[in-house]
Amino acid sequence: MARTQTGPERDTVNRRTLLLGTGAAIGAGLISARSAMAQAVTITGAGATFPNPVYQKWAEAAKGPTGITLNYQSVGSGAGINQIRNRTVDFGASDAPLSVAQLNEHNLLQFPAVMGSLVAIVNIPGVENEKMKLTGELLADIYLGKIRRWNDPKLVEMNRELNLPNLAIAPVYRADGSGTTFVWVSYLSAVSTEWKEKVGIGTSVRFPAGTGARGNEGVAGTVKNIRGAIGYVENAYAITNRLVTTQIRNKAGNFVLPVQENFIAAAENADWSTPGFAASLIDQQGAKSWPIVSPTFILLPKNPESAERSRAVMRFFDWAYKNGDRLAQELEYIPIPTVVADRIRTAWGTEIKVNGQPVWQPA
């Protein structure tokens with residue numbers, strides 16, 4: 001997404017204006033004359049709240065040209081995994097990639113839909129957007145319950161230009177099984193040995209401190225309503241709720257802003273050769289790299305009950321790979337590279353079958 005202004009404050013205004021106006025900007029240009037001829041079909045998906053904003057925008061824009069109606073339930077990665085295992089939806093969605101053993105056990109194909117970024121959000125009187133500086137180690141200590149007040153000497157030392165109040169810190173975390181939590185605690189484990197040993201990594205972990213909320217929506221709302229709160233959400237939720245985000249020190253030792261160019265800098269290091277396309281973008285090298293970037297994944301049965309609906313799921317994401325980049329970027333997600341999308345289409349054609357016959361039929 002090209003920038004025409006400089007300075008973090010002006011960049012923030014620009015990207016928030018773009019995001020808040022996206023709904024009115026989809027336009028008739030994305031709706032083709034083929035819509036009248038498209039065969040109508042409804043597909044159902046459930047899972048990650050992390051990508052829900054972009055899935056809803058894609059659904060709105062794709063319905064006309066594809067004839068596909070998407071009913072997506074933003075219920076969390078854990079619930080989405082359970083629903084696709086039980087085959088109660090056409091596809092599941094998870095921010096935490098499944099292992100090869102898990103995929104084989106449930107006969108699932110996994111592929112990335114888009115990449116996004118987690119940000120830390122705070123509600124501290126007098127602290128403006130993107131002004132506070134944090135490190136991964138300090139974030140881990142906050143969620144471990146070791147740093148309890150915003151005027152803690154470690155926070156004050158790092159933020160001398162801010163007037164941090166003598167206010168209790170109220171950490172907020174995901175109460176539901178969550179791929180967003182998986183990404184967050186993967187980062188904390190990467191930067192804090194104590195976190196890795198005491199808490200570890202998972203879609204649901206026992207947080208030593210704080211209060212739980214359901215979904216990215218719940219965390220965003222809780223932080224917005226509680227003085228002294230801190231939480232973690234996908235970046236689009238921070239923008240649409242006008243929440244205060246922070247700088248975070250990256251692996252290169254630089255404090256970086258949560259902006260698109262820094263998300264992209266991290267995403268450029270992705271290694272998609274891992275089984276299940278399970279690339280890790282946590283704490284990547286690079287002077288500008290944002291440290292908490294992750295793909296979010298789709299789980300599709302290799303032996304679908306309905307060839308028609310399975311094919312429609314693939315048609316929907318095929319449309320998104322070809323036509324959804326602008327909407328993803330306006331929401332500050334990062335599109336999947338074309339070469340990776342081509343590999344995904346190949347996997348659709350070779351691995352998803354009904355009665356031994358491939359389901360995917362490229363246009």
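Of T193, T203, T245, all but one fail to be modelled with pLDDT under 95 and outside the structural domain of N52 (by TED's automatic domain parsing); the exception is T203. Residues in the stretch 234-253 that are of a type outside the set (V, I, T) and out of contact with any strand residue (DSSP E or B) (no Cβ under 9 Å at 6 or more places or on another chain): R242, K251, A252, G253.
Say we look at the stretch 82-140 and pick out the residues that are crowded, with 18+ Cβ neighbours inside 10 Å and hydroxyl-bearing (S, T, Y); which of these is farthest from W150 (Cα to Cα)? Looking at residues that are crowded, with 18+ Cβ neighbours inside 10 Å and hydroxyl-bearing (S, T, Y), I get S94. The residues of the stretch 250-298 that are among the hydroxyl-bearing types (S, T, Y) and under 23 Å from V100 (Cβ atoms), listed by number, are S273, T274, S280, S294, T296.
Looking for something farther than 23 Å from P125 by Cβ, among the charged types (D, E, K, R) and without any contact (Cβ under 8 Å) to a residue 24 or more places away in the chain - is there at least one such residue anywhere in the stretch 261-273? Yes: one or more hits. Taking the criterion of being hydrophobic (A, V, I, L, M, F, W, C), closer than 26 Å to I147 by Cα and crowded, with 24+ Cβ neighbours inside 10 Å, the residues of the stretch 230-244 that qualify are I230, V233, A238.
Tell me, which residue of the stretch 62-74 that is touching a residue at least 40 places away in the same chain (Cβ under 8 Å) and surrounded by 21 or more Cβ atoms within 10 Å (Cβ to Cβ) is farthest from S310 (Cα to Cα)? If we take residues in the stretch 62-74 being touching a residue at least 40 places away in the same chain (Cβ under 8 Å) and surrounded by 21 or more Cβ atoms within 10 Å (Cβ to Cβ), then S74 is farthest from S310 (Cα to Cα). Every condition in (1) assigned by TED's automatic domain parsing to the domain that holds H106; (2) over 20 Å from the mean Cα position of the chain (by Cα); (3) of a type in the set (G, A, S) is met by G286 except one, and the failing one is (1).
This table checks each residue for (1) of a type outside the set (V, I, T); (2) buried (at least 19 other Cβ atoms within 10 Å of the Cβ); (3) within 19 Å of the chain's Cα centre (by Cα); (4) modelled with pLDDT of 95 or more.
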site	(1), (2), (3), (4)
M314	yes, yes, no, yes
F317	yes, yes, yes, yes
K322	yes, no, no, yes
D342	yes, no, no, yes
W348	yes, yes, no, yes
E351	yes, no, no, yes
A363	yes, no, no, no
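Restricting the search to the stretch 131-179, which residues are under 22 Å from the mean Cα position of the chain (by Cα) and either assigned to a loop (DSSP other than H, G, I, E, B) or farther than 22 Å from A190 by Cβ (or both)? Within the stretch 131-179, T135, A175, D176, G177, S178 meet the criteria. Of the candidates G228, G253, G221, the single residue that is touching a residue at least 60 places away in the same chain (Cβ under 8 Å) and either more than 22 Å from T135 (Cβ to Cβ) or assigned by TED's automatic domain parsing to the domain that holds G145 (or both) is G228.
Residue-level analysis places A320 among those that are in contact with a helix residue (DSSP H, G or I) (Cβ under 8 Å, 6 or more places away or on another chain) and farther than 26 Å from A190 by Cβ. The set of residues in the stretch 245-271 being polar (S, T, N, Q) and surrounded by fewer than 18 Cβ atoms within 10 Å (Cβ to Cβ) consists of N254, N269.
Just checking, does the stretch 318-332 include any residue being on the phi > 0 side of the Ramachandran plot and part of a loop (DSSP other than H, G, I, E, B)? Scanning the stretch 318-332, I find at least one residue that is on the phi > 0 side of the Ramachandran plot and part of a loop (DSSP other than H, G, I, E, B), so the answer is yes.
The values are calculated or read from the model by the stated rules, or taken from the named source; none is laboratory data. Everything numeric here is computed off the predicted structure, so don't read it as measured data. Neighbour counts run over all protein chains shown; Cβ positions are idealised from the backbone, glycine included.
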